[in-house]
1. Given 5 Å bins starting at zero, what is the percent of C-alpha pairs of the stretch 335-448 in each, up to the one with the largest pair distance?
2. So between LEU318 and PHE109, what do we pick up on full extension, going 0.36 nm a residue minus the alpha carbon distance?
3. By average Cβ neighbour count within 10 Å, what is the ranking of 237-243, 375-381, 415-421, 325-331 from highest down?
4. So if we plug the beta-carbon distance of SER268 and ILE245 into 1/(1 + (r/R0)^6) with R0 = 60 Å, what FRET efficiency do we get, rounded to 0.05?
5. Roughly how many nanometres apart are two label points built 7 Å out from the Cα toward the Cβ at SER290 and LEU416?
6. Filter LYS99/LYS400; LYS215/LYS389; LYS173/LYS400; LYS192/LYS219 down to the pairs with a C-alpha to C-alpha distance above 23 Å, please.
7. Set the Förster distance to 45 Å, then compute FRET efficiency between LEU130 and THR261 from the Cβ-Cβ distance, nearest 0.05.
8. Estimate the FRET efficiency between LYS389 and GLU348 by the formula 1/(1 + (r/R0)^6), using the beta-carbon distance for r and 22 Å for R0, to the nearest 0.05.
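Every number here is computed from the coordinates shown, using simple stated rules; none is lab data. Predicted model only: the values in this text are computed from it and were never measured. Counting neighbours? That spans all protein chains shown, and the Cβs are built from the backbone with ideal geometry, glycine included.
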Amino acid sequence: PEPSPLPLRSRRGLLGFGVQEKEQLREALTDPLGCPPCGPETSEDVGPISALSYGLVLERAWLRKQLHNGGAIRIPTVSFSPGNVTTTAMEEFGAYIRKVFPRVFSSSFVHHEVVGGFSHLFTVHGSDPLLQPYMLLAHLDVVPASDEGWEVPPFSGQERDGFLYGRGTLDDKNAAMGILQALEFLLKRNYKPIRSFYIAIGHDEEVSGRDGARKIASKLESAGVRLSFLSDEGLAVLDGVMKGIERPVALVGTTEKGSITLTLTVQSVPGHSSFPPKETSIGILAAAVSRLEQNPLPSLFGKGPELATFEQLATQVLELVRATIADDRVKISVQEAFNPLPVSPYDEDSFGFQVIRHTIHEIFSEVGAVAPGVCIGNTDSRHYLNLTKNIYRFSPIWLKAEDLSRIHGLNERISLEMYERGVQFYLHLIQNSDTPELPKAHKSLHEL
Ligand SMILES: CCCCCCCC/C=C\CCCCCCCC(=O)N[C@@H](CCCCN)C(=O)O
Ligand SMILES: [Zn+2]
Ligand SMILES: [Zn+2]
């Protein structure tokens with residue numbers, strides 16, 4: 001038998017369960033039928049009851065198994081280049097989420113489809129068709145990693161000192177699994193959303209999103225879908241990263257940088273290696289690359305995220321590269337380029353920004369302020385520009401300065417506590433989005 005429905009969201013929200021609700025949770029904890037498919041085996045597995053979110057205590061042992069205990073991190077879903085991705089691993093990932101999130105795949109109001117071969121689009125039908133749907137975005141692919149330099153092999157999914165190590169723990173399997181886990185949990189508790197939403201999990205974000213996000217976006221666009229807002233990976237809770245600010249701050253990316261990928265080519269006269277020219281094509285090219293490295297593009301810090309500024313500077317990029325290389329023998333061609341993204345609204349009336357800000361304050365209560373920022377990486381969200389102007393890039397992760405090099409780098413890791421908070425973030429975000437009213441804006445700059 002299914003456990004009785006819990007009042008997941010009362011007037012007090014998840015943070016303030018009443019005595020009766022707590023009692024129900026206690027019962028569910030000790031009732032094996034009330035537990036999710038793979039845990040917890042004993043109440044000891046669950047650990048002390050967290051004051052932060054009582055409901056998630058139930059899930060603790062379960063979610064540890066989902067993300068790190070072999071599961072998602074051990075499947076090497078690497079993207080190498082557009083069209084060159086590890087298809088077998090991606091299929092395995094699809095099979096894995098079907099296995100560990102059975103309710104997501106069997107619920108009568110969740111529709112699932114595979115797009116572009118390996119990406120996943122879930123449509124969660126809410127009860128009020130008048131509320132505009134929103135979208136939660138993540139990606140399942142990761143950048144390559146070899147064992148060299150890692151404390152534990154990057155695809156072994158091992159835990160050390162409370163941290164789960166592995167490629168994808170911060171970018172972006174934490175989000176892909178966290179979103180599905182939050183939905184599985186809600187479905188298990190017989191939650192029925194009021195506002196419809198989409199979950200899109202791309203399979204080639206790290207190499208352009210051409211076959212995943214782009215196809216999902218055009219499919220939805222053809223169906224006339226418009227989104228209330230879109231939440232994607234991006235900036236994060238930053239602790240000790242912003243100089244001069246003591247308390248941790250959460251930055252939500254309301255825009256993201258533009259990007260240009262160039263090909264540099266040098267052609268020289270062929271000849272025998274025993275008569276090498278004074279300068280070889282490799283030497284010329286290496287010198288060009290070195291000059292670019294010595295002369296990075298100017299920092300825009302302090303100039304503000306105004307779209308016009310970025311647009312004008314971006315059309316200058318090619319000229320700067322040409323002038324820096326200053327060698328006509330090096331031919332430059334553009335492989336791919338796009339301008340910085342439009343700035344999403346972040347005023348008090350912006351539902352998407354405010355609901356995300358409110359949820360950040362609920363889950364990361366240590367944060368002194370939630371502010372808009374420029375996302376310094378690129379994300380799949382740029383493919384959804386025709387569906388909404390409200391795109392917000394925030395990864396529910398906590399980064400210290402020393403952690404920044406772990407993203408796409410060595411020893412990527414997430415603490416188990418932060419992964420749990422990520423699930424809580426999505427759990428709250430889904431429920432907070434169910435209201436047509438704006439959450440009350442937090443103004444906490446004075447606390448910094
Ligand atoms: C207001 C700026 C403050 C800067 C503080 C630094 C904060 C760092 C926090 C988070 C790291 C940003 C990571 C953003 C997500 C990146 C997603 C990603 O890896 N995208 C790839 C896409 C590649 C697409 C093919 N060209 C990337 O950008 O490399
Ligand atoms: Zn990512
Ligand atoms: Zn990435």
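1. So the P(r) values, bin by bin, are 2, 9, 17, 20, 21, 17, 9, 3, 1, 0.
2. 70.3 nm
3. 375-381, 415-421, 237-243, 325-331
4. Efficiency for this residue pair is about 0.70.
5. 5.0 nm
6. Check vs 23 Å cut-off fails for LYS99/LYS400; LYS192/LYS219.
7. Computed FRET efficiency for LEU130 and THR261 comes out at 0.55.
8. 0.85
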